[in-house]
């Protein structure tokens, strides 16, 4: 039963966060010709789905309670890291925000991936240009002319 739940969760997450934004951004291919804009649009759709997903699951009482515990954990960690004694009064004074929060890290990774995928369009263009350039340079005609040129240099013709 647990394996089926995990398999369903992975397939659901892939569908929701990868395939759905890809297909939704593909609708705009007819109107937008720039691959960079399409990649940016796909990233923004992915970001909107992520924020909507977090907002939607936070409506359930169990997850709302988990988020409350998460904030309390941050308050405790901040209290300890600032050298204060761990008691209710000091914890209440501490911030809910934490600089090494894993949830914030997920959001940062998502924003960086949006930028990376927009740049990856240009990286793919550059790499295809480089591969075309090197394939041309290693073509038989090029290699043959190079060998003739080297022979001319050696024999002095």
Fill in: So residue 114, is it assigned to a helix (DSSP H, G or I), in contact with a helix residue (DSSP H, G or I) (Cβ under 7 Å, 6 or more places away or on another chain) and either at pLDDT 70 or above or closer than 30 Å to residue 67 by Cα (or both)
yes
Worksheet item: Of these, 80, 108, 123, which one is part of a helix (DSSP H, G or I), modelled with pLDDT of 90 or more and surrounded by 10 or more Cβ atoms within 10 Å (Cβ to Cβ)?
Response: 80
Worksheet entry | Answer residue from the range 54-67, given it is in contact with a helix residue (DSSP H, G or I) (Cβ under 7 Å, 6 or more places away or on another chain) and in a helix (DSSP H, G or I) and is nearest to residue 15 (Cα to Cα) among those | 57
Item to complete: Just need a number here: residues in the range 38-53 that are touching a helix residue (DSSP H, G or I) at 6+ places or on another chain (Cβ under 8 Å) and surrounded by fewer than 15 Cβ atoms within 10 Å (Cβ to Cβ).
Response: 2
Practice prompt. Given the conditions (1) within 30 Å of residue 12 (Cα to Cα); (2) outside any helix (DSSP H, G or I); (3) touching a residue at least 12 places away in the same chain (Cβ under 8 Å), report the number of the one that residue 96 does not fulfil.
Written response: (1)
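The values are calculated or read from the model by the stated rules, or taken from the named source; none is laboratory data. Just so we're clear, the structure is a prediction, and the values are computed from it rather than from any experiment. Glycine also receives a Cβ, built like all others from the backbone with ideal geometry; neighbour counts cover every protein chain displayed.
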